[in-house]
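Participant: Quick one: structure below, then a few questions.
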Amino acid sequence: MTGSRTVPARRRALAVGALALTGGLVLSACGSSGSGDGGKDAGGRTRAVDTAMGEVQVKEHPQRVVVLDTAELDSALTLGVQPVGATHVEAAEGFPSYLPKGELKGVKDVGVMESPDMEAIAALKPDLILTSKIRHGAKYEQLKSIAPTVMTETTGYPWRQNFQVHAEALGKQDEAKKVAAAYMAHAKKVTTALGGPEKARATKVNVLRFLEGADIRLYGDQSYIATVLKDVGLGRPAIVKKAKDGFSYDLSPEKIDLADTDVIFQSTYGDPKKAKETQTVGSGLWKNMKAVKSGDVHKVDDELWIQGIGYTAANKILDEMQRDLTK
């Protein structure tokens, strides 16, 4: 599944990952000596990148990049780098639909994110692989035998820090600064469009995900999507404080009314019936919720709002928030 899906290991890794990445990435120019991970470019120059798996030598200008999760795919394309290969999530065919089709043309699908095809990756002869320890830490030895592999500790909530790691591994630090600044300016414009900081703060918002094979997920403040809400200055109801590890609070259809607030954004991963969406939205509890009665429930694309995890996704989410909250 995606970077915003809850698994025990992910929750345990959140705190460690945030601490490990908050300090940023130490990057230094190195000579042509390289390391066991390779990483020499045509001119023999490499850079040492501090990662979740220790120091890794990468090429000054990697040309053949493979990304193994949606966050890394978003980061690469945002920074103007077209990967030669990428994975897809289990419930989807191909890559996230919110990404520009032209930029995905020619990108080889190397399998499902949970179990990437190592032979397909090796066949692409990559000079850099981007992923996270929580996703593919167990496969690190295999991956680094193919190409220098840069892993962040986790995915999802620390997406800004992870983006910086991706940018430095790709040699795109200057571009990354511009991307981050443009996004924050965009967020401020959305806040203004909503009537200013005070009005935005007074609007309480929940994000719900109907998830095949699991309970309904209400996202807490330590999730990717919550950071976008915060950047706009939107308020959050008290229920989010119950989120485990700050990430999510799971609900059954029989308790869906606990998620009621001013505005609800809802997405679905997988089959709506198996994800309990059909059952829930047809119930009396759902229909009697304040947000439902006022028409302030907005169905959104799961690939964009939950799976995207990056600046390209975040900017599109900002546009949709402004559209839905200013109707």
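Participant: Could you tell me which numbered condition His298 fails, if it satisfies all but one of (1) under 26 Å from Tyr98 (Cβ atoms); (2) without any contact (Cβ under 8 Å) to a residue 12 or more places away in the chain?
Facilitator: Single failed check for His298: (2).
Participant: Right, something else. Restricting to the range 51-95, count the residues that are of a type outside the set (A, V, I, L, M, F, W, C), under 21 Å from the mean Cα position of the chain (by Cα) and not in a helix (DSSP H, G or I).
Facilitator: Looking only at that region, the number is 11.
Participant: Here is a list of conditions, (1) assigned to a strand (DSSP E or B); (2) out of contact with any helix residue (DSSP H, G or I) (no Cβ under 9 Å at 6 or more places or on another chain), and Ser267 meets all of them except one; can you say which number that is?
Facilitator: Among (1) assigned to a strand (DSSP E or B); (2) out of contact with any helix residue (DSSP H, G or I) (no Cβ under 9 Å at 6 or more places or on another chain), Ser267 violates only (2).
Participant: What do you reckon, is Thr154 in contact with a Gly (Cβ under 6 Å, 6 or more places away or on another chain) and in the same structural domain as Met118 (by TED's automatic domain parsing)?
Facilitator: In short, yes.
Participant: So, in the range 124-145, how many residues would count as being more than 22 Å from the chain's Cα centre (by Cα) and within 20 Å of Glu168 (Cα to Cα)?
Facilitator: Total meeting the criteria: 3.
Participant: Check the range 312-322 and report whether any residue there is out of contact with any Ser or Thr (no Cβ under 6 Å at 6 or more places or on another chain) and in a loop (DSSP other than H, G, I, E, B). First the steps, then the outcome.
Facilitator: Our first condition is that a residue be out of contact with any Ser or Thr (no Cβ under 6 Å at 6 or more places or on another chain); within the range 312-322, this holds for 313-322.
Filter once more, so that each one left must be in a loop (DSSP other than H, G, I, E, B): none.
No, that holds for no residue.
Participant: Right, another one. State all residues of the range 71-95 that are closer than 22 Å to Gln173 by Cβ and polar (S, T, N, Q); if no residue qualifies, say none.
Facilitator: Once the filter is applied, which keeps residues that are closer than 22 Å to Gln173 by Cβ and polar (S, T, N, Q), the range 71-95 yields Ser75, Thr78, Gln82.
Participant: Go through (1) surrounded by 18 or more Cβ atoms within 10 Å (Cβ to Cβ); (2) modelled with pLDDT of 50 or more for Leu25 and report which single condition fails.
Facilitator: Of everything listed in (1) surrounded by 18 or more Cβ atoms within 10 Å (Cβ to Cβ); (2) modelled with pLDDT of 50 or more, Leu25 misses just condition (2).
Residue-by-condition table, conditions (1) among the aliphatic types (A, V, I, L, M); (2) touching a Ser or Thr at 6+ places or on another chain (Cβ under 6 Å):
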residue: Ala243; (1), (2): yes, no
residue: Ser248; (1), (2): no, yes
residue: Leu258; (1), (2): yes, no
residue: Ser267; (1), (2): no, no
residue: Asp271; (1), (2): no, no
residue: Glu277; (1), (2): no, yes
residue: Gly282; (1), (2): no, no
residue: Lys287; (1), (2): no, no
residue: Ser294; (1), (2): no, no
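Participant: Go through the range 264-276 and give me each residue that's within 23 Å of the chain's Cα centre (by Cα), more than 18 Å from Glu320 (Cα to Cα) and surrounded by 20 or more Cβ atoms within 10 Å (Cβ to Cβ).
Facilitator: Residues satisfying the conditions are Tyr269, Ala275.
Participant: Any residue that is of a type outside the set (Ser, Thr, Tyr), farther than 23 Å from Tyr224 by Cβ and not assigned by TED's automatic domain parsing to the domain that holds Lys230 - is there at least one of those in the range 64-81?
Facilitator: yes
The values are calculated or read from the model by the stated rules, or taken from the named source; none is laboratory data. From a predicted model like this one, the values you see are computed outputs, not experimental measurements. In this analysis, Cβ positions are derived from the backbone assuming ideal geometry, glycine residues included, and neighbour counts consider all displayed protein chains.
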